[in-house]
Amino acid sequence: MTNSRKVHVKSFGCQMNVYDSHRMADTLAPGGYVETARPEDADLVILNTCHIREKAVDKVYSEIGRIRVMKEEAAAQGRQMLIAVAGCVAQAEGQEIVRRSQAVDLVVGSQNYHKLPEMIARARTGERVVDTEFPVEDKFDALAAPRREEIRKRGLAAFVTVQEGCDKFCTFCVVPYTRGAEVSRPVEKIAAEVERLASAGVREVTLIGQNVNAYHGLDAAGAPASLAALCRRLSRIEGIARLRYTTSHPRDMDEELIAAHAELPELMPYVHLPVQSGSDRILDAMNRKHSAAHYLDIVARMRAARADLAFTSDFIVGFPGETEEDFQDTLRLVETVRFAGAYTFAYSVRPGTPAAEMEGQVPEDVKIDRLHRLQALIAGQQRAFNASFVGKTLDVLLEKPGRLSGQLVGKSPYLQTVQVMAAPDLIGRIVPLAIVDIGTNTLFGALAETPAVPAFAAAGA
Ligand code: SAM
Ligand code: SF4
């Protein structure tokens with residue numbers, strides 16, 4: 001294929017899907033596909049779906065319906081538009097998608113993205129192609145690396161998947177069924193990807209995985225390496241000033257990773273550590289394999305290693321059997337930890353998971369009431385956390401222009417968004433900013449002094 005074709009990839013859900021969407025676009029680029037933000041212009045629309053939210057499957061079918069209209073309009077103009085469904089809904093539903101929706105040309109499971117060029121070629125001839133196997137080959141080996149211009153377009157902070165899948169089987173969660181067993185990528189392959197990103201100007205890398213701190217990829221000597229060892233290896237790559245990782249599980253938070261927060265200046269003092277509930281009875285029913293005390297102990301040990309560590313978390317309220325007393329335990333845990341923020345969810349049934357069949361499903365109005373009370377408590381903590389920086393200086397990685405003319409936007413070590421009026425040549429630098437005020441989700445900074453950290457001179461930049 002030599003002619004240029006347009007692909008529109010729409011990503012739903014988590015950062016792992018955003019990463020996969022980029023890698024799909026990278027894999028199609030050598031075949032002449034360029035990305036477009038306008039689905040109506042595309043020759044190929046990929047819906048990279050997420051199964052985690054309620055009614056995820058229904059939402060995918062209604063999205064397919066919307067794209068189908070564009071496909072029919074394209075056909076009326078004599079143009080072929082293919083519709084592909086990828087991601088966790090594709091993995092879970094497989095053949096059912098092409099059965100239910102005539103407009104879908106191909107369904108590709110999350111482990112098969114490297115096969116897309118071949119699948120698309122078959123679909124172009126009218127075949128309807130479904131591949132949701134878990135193949136033995138490593139899809140990451142077969143996926144094309146991004147081009148330098150693409151890396152730059154995506155910004156100075158990049159995500160890299162280091163681990164996929166989950167063996168934990170929390171009773172509320174679909175991930176172990178849609179993403180399969182835990183698999184870790186080898187250290188040197190990740191290092192090569194990060195080196196490539198760094199040489200194109202990326203300064204901050206977030207290592208992602210459904211259970212990232214269960215990482216156990218092989219190192220150069222063929223021995224399993226921990227996430228801490230991976231961070232140490234990546235911290236030596238020139239140009240990489242900041243490392244983060246997400247999402248962690250309390251069970252896998254080991255001494256070595258805690259110590260890495262004290263040792264490695266590149267490892268940012270911010271950890272997303274989902275707890276889900278503060279009640280041991282509910283944690284047990286969730287099959288979380290940790291208690292509230294265990295969680296609090298981890299937080300204390302991590303803060304002993306690095307006093308300024310900020311924690312965020314995920315919570316589910318209204319899990320089957322949750323009483324007001326259980327919910328009070330959650331509020332107590334929140335008061336003890338003092339979070340910098342959190343994602344809060346009302347429990348919702350995921351068909352096929354053990355919790356869906358449990359007795360004691362909590363009425364919707366009770367769930368919503370608990371959700372609001374938890375959100376109010378966490379919002380107060382988030383405001384207090386942000387306000388504690390007013391009058392202090394934070395090192396901010398300036399990433400891009402802001403909405404106002406002359407404004408730049410960046411990230412603090414604690415993943416807060418910071419806005420500042422500053423010259424665009426500071427983009428790519430880590431700049432000390434005096435924090436002068438806070439908004440709802442943003443800090444406002446002022447240039448404190450001449451940037452201490454020079455811009456990374458990308459080779460050939
Ligand atoms: N692996 C991570 C962990 O161990 O916490 C997070 C995985 S999941 C993609 C993200 C969050 O969605 C979970 O932490 C949980 O709070 C929420 N979630 C998952 N299933 C849910 C359900 N059935 N109802 C409500 N929230 C749910
Ligand atoms: Fe889902 Fe639990 Fe695995 Fe997180 S640890 S992905 S919540 S099963």
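Computed from the coordinates by the stated procedures, all read-outs in this text should not be read as laboratory data. Please read all numbers here as calculations on a predicted model, not as lab measurements. Methodologically, a virtual Cβ is constructed for each residue, glycine included, from the backbone with ideal geometry; neighbour enumeration extends over all protein chains shown.
Distances between placed amide hydrogens fall under 5 Å for residue 437 paired with 444, all partners being 5 or more residues away or on another chain.
Taking amide H as placed 1.01 Å from N in the peptide plane, residue 82 has its amide H under 5 Å from the amide H of 44, 45, each at least 5 places away in sequence or on another chain. Rg and Dmax of the chain, based on Cα coordinates, read 22.9, 66 Å.
Each residue of the range 152-161 was assigned a 3J(HN,Hα) from its phi angle through the Karplus expression (A = 6.51, B = -1.76, C = 1.60, θ = phi - 60°), giving 5, 4, 7, x, 8, 10, 10, 10, 9, 6 Hz with x at Gly and Pro. Near the amide H of residue 431, within less than 5 Å, lie the amide hydrogens of 396, 397, 398, all on another chain or at least 5 residues away, with H placed in the peptide plane. Shown in residue order for the range 99-114 are the 3J(HN,Hα) couplings computed by the Karplus curve 6.51 cos²θ - 1.76 cosθ + 1.60 at θ = phi - 60°: 5, 7, 10, 4, 6, 7, 9, 8, 10, 10, x, 5, 9, 10, 4, 5 Hz (x for Gly and Pro).
Note on the chain: with charges restricted to the Cβ of Lys and Arg (+1) and Asp and Glu (-1), its dipole about the Cα centre is near 1160 debye.
Phi-derived couplings, Karplus 6.51 cos²θ - 1.76 cosθ + 1.60 at θ = phi - 60°, listed residue by residue for the range 347-357: 4, 9, 5, 10, x, x, 9, x, 5, 4, 9 Hz, with x used for Gly and Pro.
For the chain, what relative contact order do you get, as a whole percent, if you take Cα pairs closer than 8 Å and at least 6 residues apart?
Values: 924 pairs, mean separation 42.8, N = 461.
That works out to 9 percent.
Shape class for the range 277-403: prolate, because the ratio a/c of the largest to smallest gyration tensor axis (alpha-carbon atoms, square roots of eigenvalues) is 1.5 or more and a/b beats b/c.
What number, in percent, do you get for the relative contact order of the range 165-266 if the mean sequence gap of Cα pairs under 8 Å and at least 6 apart is divided by its residue count? Walk me through the numbers on the way to the answer.
Working: 141 pairs, mean separation 28.4, N = 102.
Relative contact order comes out at 28 percent.
Between the alpha-carbon centres of the range 22-43 and the range 143-192 there is a gap of 20 Å.
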